[in-house]
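Values quoted throughout were computed directly from the atomic coordinates according to the rules given, and no laboratory measurement underlies them. For clarity, every value in this text was computed on a predicted model and none was experimentally measured. Cβ sites come from the backbone with ideal geometry, for glycine too, and all protein chains shown count toward neighbours.
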């Protein structure tokens, strides 16, 4: 049976506590919030590997250096995915009592289905992804990664919901609030995901220092 494996940058515990405090004001939204233990920055999205391939990848991570530590900064909590035009200031309306910045977005290219913590993508993150993909591709015992068409976008998924569930809110604002969090990324982690009815559960398998 193949295993669902991906590569991430995990968030430090103190940062997760700060994020928990920041999003407490939105917990009333009737959506599925991910547990803080599941917050991370995905570098290589999930792939399905055999047991032997998982061992090879874990060993590869243990002996590899993919770059140097770098700063990651988060600046906002948003409805995602992206694909919304730049927001315009909105006039007051019947949702003005909500604890969100009141913005009116341009036309949507797709309905939101997640809440992200995001920030400007540092160039080091782009280089890190390319380096990992290069090292992975050079390992003959690992299957090739599928090319991604989407650009690297710094984000952490905080919540998920069905498209249209927050339609009224989405029509008024994409940015739920501004934050100021930062940390130094100093390692990447190989993780395994177990999909369960209650949501995915993650297990750390190996880490590679930066």
Tilt relative to the chain, helix 13-23 - C-alpha long axis, 0 to 90 degrees, to 10: 20 degrees
The chain: relative contact order as a whole-number percent, Cα under 8 Å and 6+ apart: 34 percent
Degrees between helix 123-138 axis and first principal axis of the chain (Cα, 0 to 90, nearest 10): 40 degrees
Residue 55-residue 111 pseudo-label distance in nm [points 7 Å out on the Cα-to-Cβ vector]: 4.7 nm
Virtual spin-label span in nm between residue 130 and residue 28, 7 Å along Cα→Cβ: 4.7 nm
R0 of 41 Å, Cβ-Cβ distance residue 149-residue 65: FRET efficiency to nearest 0.05: 0.90
Angle between the chain longest axis and helix 51-63 axis [Cα atoms, degrees, rounded to 10]: 90 degrees
Length released on extending from residue 120 to residue 178, taking residue separation times 0.36 nm less the Cα-Cα span: 19.6 nm
Kirkwood Rh and Cα Rg combined as Rg over Rh, evaluated for the range 1-41: 1.08
Surface/4 of the Cα convex hull for the range 131-210, nm²: 8.6 nm²
Additional length obtainable on full extension of the chain from residue 48 to residue 201, 0.36 nm per residue less Cα span: 53.5 nm
10 Å-binned pair-distance histogram of the chain (Cα, whole percent): 8, 31, 34, 20, 7, 1
Fewest-first sequence of 26, 116 by Cβ atoms within 10 Å of each Cβ: 26, 116
For the range 1-69, alpha-carbon Rg and Dmax in angstrom: 16.1, 45
